[in-house]
1. I need the helices of the chain that pass two filters: whole DSSP H segments spanning 30 Å or more by Cα along the axis, and mean Kyte-Doolittle score no lower than -1.0.
2. Taking H placed 1.01 Å from N in the peptide plane, check which residues at least 5 places from Asn187 or on another chain put their amide H under 5 Å from its amide H.
3. Among Asp93, Asp189, Asp45, determine the one that fluctuates most according to a GNM of the chain built with springs between C-alpha atoms less than 10 Å apart.
4. Taking R0 as 45 Å, what FRET efficiency do you get between Ser166 and Ser96 from their Cβ-Cβ distance, rounded to the nearest 0.05?
5. Just the accessible area per residue of the chain, please: how many Å² with a 1.4 Å probe?
6. Output wanted: per-residue J couplings in Hz (rounded whole) for the stretch 68-75, from phi through Karplus 6.51 cos²θ - 1.76 cosθ + 1.60, θ = phi - 60°, x for Gly and Pro.
7. Give, rounded to the nearest 20 debye, the magnitude of the charge dipole that the stretch 160-230 has about its Cα centre when Lys and Arg contribute +1 at Cβ and Asp and Glu contribute -1 at Cβ.
8. Using modelled amide H (1.01 Å from N, peptide plane; none on Pro or chain starts), what sits under 5 Å from the amide H of Gly66, excluding residues fewer than 5 places away?
Amino acid sequence: MESNGSILMLMKLVVLQYLAVVCVSQDFDFFYFVYILQWPGSYCDTKSSCCYPTSGKPAADFGIHGLWPNNNDGSYPSNCDSNNAFQPSLVSDLTSSLQRNWATLACPSGNGIQFWSHEWEKHGTCSESTLKQHDYFQTALNLKQRANILRALTNAGIAPNGNAYSLSSIKGAIKQGVGYTPYIECNVDSSGNSQLYQVYLCVDASASRFIECPVFPNAKCASQIQFPPF
Ligand code: 5GP
Ligand code: 5GP
């Protein structure tokens, strides 16, 4: 009798442990998204230069780099599901919008599929419980409509004309236009000048609205940064 009870208890423990593992592997426990837009002029005027996509030179506008699930302390999960590879057929209705808004500038020239696959597989798979492949790309495209960074900057007299602007005026203009404080990432052009490269905004865990970022990475920008043409 007593040994039957022990076996039952053991079986319950095994089932509980199994359930715990299943729950952990499905709940990636991310808390918010980071949405990153890149200025093509600053990707292309560096020492390593760039290659236009096979669909042609993108418009002179900020392009999407990624939508990354993050933990509250700024750490992040990556490559969460090797069984969920990027499938172009799942986003075929979005291809032309992706080509316009999520253009690849890496060399050699590509049609975007490599860039989108990388972003989906490294980052998108870590929020697949919230956004399936199509929704992930659709959401990133929708967010761009709601964060018109170039308009926010030009409305404040900050234009991609090669002039230098203060980092604080750039952040202020984006806060004014979009409603939330961005993190600005700089890189250097081929002459070593610090320039506006990427804009980071944070999005809530359900990917429905911008939020203030819980943490910011360490800033690498000079206090005055260039905004090069594209
Ligand atoms: P880097 O070292 O150039 O800042 O970042 C290299 C790559 O690491 C990024 O393209 C991205 O895939 C990943 N990464 C860097 N910072 C973050 C972050 O704050 N959140 C997430 N989810 N990924 C990041
Ligand atoms: P992440 O930095 O997001 O982890 O990685 C970006 C990857 O996508 C790199 O392997 C990079 O070569 C590739 N890639 C392709 N096109 C682009 C682009 O236009 N911008 C950036 N930042 N990376 C690109």
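1. Details: long enough: 2-26 (36 Å, 1.22).
Correct list, ordered by number: 2-26.
2. The answer is Gln195, Tyr197.
3. Its mean-square fluctuation being the largest, the pick is Asp93.
4. Details: r = 37 Å, r/R0 = 0.83.
Using R0 = 45 Å, I get an efficiency of 0.75.
5. On the way: 11850 Å² over 230 residues.
Each residue of the chain exposes 52 Å² on average to a 1.4 Å probe.
6. Each residue of the stretch 68-75 in turn: 10, x, 10, 8, 4, 8, x, 6 Hz.
7. Values: 4 positive and 4 negative charges, 21 e Å.
So the dipole magnitude of the stretch 160-230 works out to roughly 100 debye.
8. Amide H neighbours of Gly66, under 5 Å, 5+ apart: Ile36.
The values are calculated or read from the model by the stated rules, or taken from the named source; none is laboratory data. Predicted, not measured: the structure shown is a model, and the values here were computed from it. Positions of Cβ are backbone-derived with ideal geometry, glycine not excepted, and every protein chain shown enters the neighbour counts. Only protein heavy atoms, including side chains, enter the accessible area calculation; ligands, DNA and RNA are left aside. Shrake-Rupley method; radii C 1.70, N 1.55, O 1.52, S 1.80 Å.
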